[in-house]
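K.L.:
One structure follows; several queries about it will come next.
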Amino acid sequence: MITTSEILETIEMISQQHLDIRTVTMGISLRDCGHPDLRTCCDRIYDKITKKAENLVRTGEDIEREFGIPIVNKRVSVTPIAIACECCDTEDYAAFARTLDRAAKEVGVNFIGGFSALVQKGFTTGDRRLIRAIPEALRDTERVCSSVNVGSTRAGINMDAVALMGRVVKETAEISAGQGCAKLVVFCNAVEDNPFMAGAFHGVGEPECVINVGVSGPGVVHHALKKCAGEPIDVAAEVIKKTAFRVTRMGELVAQEASRRLGVPFGIVDLSLAPTPAVGDSVADILEELGLESVGAPGTTAALALLNDAVKKGGVMASSNVGGLSGAFIPVSEDAGMIRAAAAGKLTIEKLEAMTCVCSVGLDMIALPGDTPAETISAIIADEAAIGMINQKTTAVRVIPVPGKTVGDFVDFGGLLGRAPVMAVNPASPAKLIARGGRIPAPINSLKN
Amino acid sequence: MKAIVTVIGKDTVGIIANVCSLLAQNGVNVLDISQTVMREYFTMIMLVDTAGCKVDFAALADILRKDGTDHGLDIRIQREDIFEAMHRI
């Protein structure tokens, strides 16, 4: 029998420490939806998504009620549209985004990911058409998320794609008042089973349909760490590991249950400490609990490295299949502690870049001055991609050059996307580097065979 | 199906009787009860069997939650599996 204190501990995690299942994401293959005729192609996509995900939201809500654990988001990810729709004879790829949006609304999911292209080694015709359509697609849709993979450890970095994405980010910001950029991620080493948005897509090696679950809980880790204040750092690592284990076990249970009820195979559990703007749900708070006056102070990277690693170690034993991004996210606008530090000038883009070497993803939800040149955004993408390529990890850039705003202004993205201070960018120009184009060759550590 | 009912709130007369009769009305069998008063807070944990429950689980959870709100208590019912998963290997 479970003891009273264990039951109360679980209840407290849920009711006071923001423990939740962040997302149940259904991955759906669209590889059989392609057709030369645009209308037919869109109909096939709409029909497949609405059929497969018909019961996703209701099932999620049923599980939520029975287990008494909030499932915050129900989402869908699909095969990258540049692959699924390549045979379609059209330039109008935004039409596919509008179809995805319509399907998402019909099944009641709040985001749908997969308006994506994988161009780490070069572009196909479909890739180019999709990337060209991103600004319009994100302006015209509410729930569609887009991602482009521009590099990998195996392939190197496609600098033509990096240059192009700098312009796409700028254009998206300009035609959507910045909002569209919150749904656009540029990746290096993108993962195929990530359930978290905005970077989720259903990889080509994935099955027909799959359930992936993302668990969160920065508040729970923070609370657990309060009990070992002043102890050696390895004690803290142990506490994080044990907490991560418990949280992931809960994710595994929900994932297996959702998979069984929906009759869809279980893919992975992704334990990512994903902050929300709510007080007490912050990764920055954890880093500060480890002993920093403010996130961004010297020592932040070391503390984050410990956190990210301990989370993975705890999660890996708790689930039969851990995957996705598993680690700690460091979005600025979605984390009350990061916002506080950035607004006070204690957290800079350069420090965030260093932190991305050891966190689970990359530069995330950072507001930039509206007049930041496209080449500078491209160069930020290139730096992040280089970190990912050399360190064999996923990195990403989700920055928002907010039109008309400058350093010190605040921008509100609404809801889970939060609010952020516009951060300063180094004014020195990388324009000539970006103008070179070409491809950064794959690094020596990619040659493993 | 086994589930855990937790009742947390300010101690008043008749809490146990009230929750037990609600459960009985809905055909839920109580298998085990433990309760303590920590400071002035009343904490009761019940292991129940919902196999004979006359309403579906979600409806039962709503009935309990609403009754809790009416009496200034936090009443939850959750499947036992979640506690097992989190605290037992």
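K.L.:
Taking the Cβ of B:ARG65 as the center, what net charge do the other residues with Cβ under 14 Å away carry, scoring Lys and Arg +1 and Asp and Glu -1?
P.N.:
My count for the surroundings of B:ARG65 gives -3.
K.L.:
Roughly speaking, what is the centre-to-centre gap between segment B:65-89 and segment A:214-282 when only Cα atoms are used, to the nearest Å?
P.N.:
19
K.L.:
In peptide B:35-44, how many Cβ atoms from other protein chains are near each Cβ within 10 Å, on average?
P.N.:
Partner-chain Cβ atoms within 10 Å, mean over residues of B:35-44: 1.
K.L.:
Work out the mean other chain Cβ neighbour count within 10 Å for the residues of A:59-72 and drop it here as an integer. Please list the in-between numbers first.
P.N.:
Numbers: counts 0, 0, 1, 3, 1, 1, 11, 13, 9, 10, 4, 0, 0, 0.
Mean inter-chain Cβ contacts per residue within 10 Å come to 4.
K.L.:
Continuing with the same structure: Please list the non-local residues whose amide H lies under 5 Å from the amide H of A:CYS88, H modeled 1.01 Å from N, same-chain partners needing a gap of 5 or more.
P.N.:
Long-range HN contacts for A:CYS88: A:HIS35.
K.L.:
Can I ask one more? Using mean Cβ contacts within 10 Å as the protection proxy, how do A:204-210, A:332-338 order, highest first?
P.N.:
A:332-338, A:204-210
K.L.:
Additional query: Given A:PHE187, A:SER116, A:ILE134, which one lies farthest toward the positive end of the charge dipole of segment A:83-205, if we put +1 on the Cβ of every Lys and Arg and -1 on the Cβ of every Asp and Glu?
P.N.:
So the residue furthest toward the plus end is A:PHE187.
K.L.:
Can you give the local net charge around A:VAL72? Use residues other than it whose beta-carbon is closer than 13 angstrom to its beta-carbon, Lys and Arg +1, Asp and Glu -1.
P.N.:
So the environment of A:VAL72 carries a net charge of -2.
K.L.:
Check which residues have an amide H placed less than 5 Å from A:LEU347's amide H, if you skip close sequence neighbours.
P.N.:
Under 5 Å from the amide H of A:LEU347 lie the amide H atoms of A:ALA342, each far enough along the sequence or on another chain.
K.L.:
Please report, for the Cα atoms of chain B, the Rg to one decimal and the Dmax as a whole number; what are they, in angstrom?
P.N.:
12.7, 39
K.L.:
Could you sort A:432-443, A:369-380, B:70-81 so that the peptide with the highest average Cβ count within 10 Å comes first and the rest follow in order?
P.N.:
Averaged packing, sorted descending, gives the order A:369-380, B:70-81, A:432-443.
K.L.:
Quick one: dipole size for chain A, taken about the Cα centre, charges +1 on Lys/Arg Cβ and -1 on Asp/Glu Cβ, in debye to the nearest 20.
P.N.:
Here the size comes out at about 660 debye.
K.L.:
Could you tell me the relative contact order of chain A? Use alpha-carbon pairs under 8 Å, at least six residues apart, and round to a whole percent.
P.N.:
Relative contact order here is 17 percent.
K.L.:
If you don't mind, there's one more thing I want to ask. From the phi of every residue in segment A:150-158, what ³J(HN,Hα) in whole Hz does the Karplus formula 6.51 cos²θ - 1.76 cosθ + 1.60 yield, where θ is phi - 60° and glycine or proline is x?
P.N.:
Ordered by residue, 3J(HN,Hα) equals 9, x, 7, 4, 6, 10, x, 10, 7 Hz.
K.L.:
Ordered by residue, what ³J(HN,Hα) values in Hz, to whole numbers, does segment A:16-25 give under the Karplus form 6.51 cos²θ - 1.76 cosθ + 1.60, where θ = phi - 60° and Gly and Pro are x?
P.N.:
Couplings: 10, 10, 6, 5, 7, 7, 6, 7, 10, 10 Hz.
K.L.:
How long, wide and thick is chain A, going by the Cα atoms along their three principal axes, in whole angstroms, largest first?
P.N.:
Sorted largest first, the three principal extents are 63, 53, 48 Å.
K.L.:
Please compute the average number of Cβ atoms from other chains found within 10 Å of each residue's Cβ in peptide A:3-9.
P.N.:
5
K.L.:
Can you list residues whose amide H is under 5 Å from A:GLY267's amide H, if they're 5+ apart or on another chain and H is modeled 1.01 Å from N?
P.N.:
Amide H to amide H, under 5 Å and 5 or more residues apart or across chains, A:GLY267 pairs with A:ILE211, A:ASN212.
K.L.:
Going toward the positive end of the dipole of chain A, with +1 on Lys and Arg Cβ and -1 on Asp and Glu Cβ, which of A:ILE71, A:ALA284, A:ASN445 do you reach last?
P.N.:
Of the listed residues, the answer is A:ASN445.
K.L.:
Tally Lys/Arg at +1 and Asp/Glu at -1 over every other residue whose Cβ is under 14 Å from the Cβ of B:LEU22; what's the total? The partial results should precede the final answer.
P.N.:
Working: positive: B:LYS54, B:ARG65, B:LYS66, B:ARG76; negative: B:ASP62, B:ASP67, B:ASP70.
Combined, the nearby Lys, Arg, Asp and Glu give +1.
K.L.:
Now, a different point. Can you compute 3J(HN,Hα) from phi for each residue in segment A:411-419, using the Karplus curve 6.51 cos²θ - 1.76 cosθ + 1.60 with θ = phi - 60°, rounded to whole Hz and x for Gly and Pro?
P.N.:
Karplus values, whole Hz, x for Gly and Pro: 10, 10, 9, x, x, 5, 6, x, 9.
FYI, it's all coordinate maths here, none of it is from the lab. All figures in this text were calculated on a predicted structure; none of them were measured in a lab. As a convention, Cβ positions derive from the backbone with ideal geometry for all residues, glycine included, and neighbour counts pool all protein chains shown.
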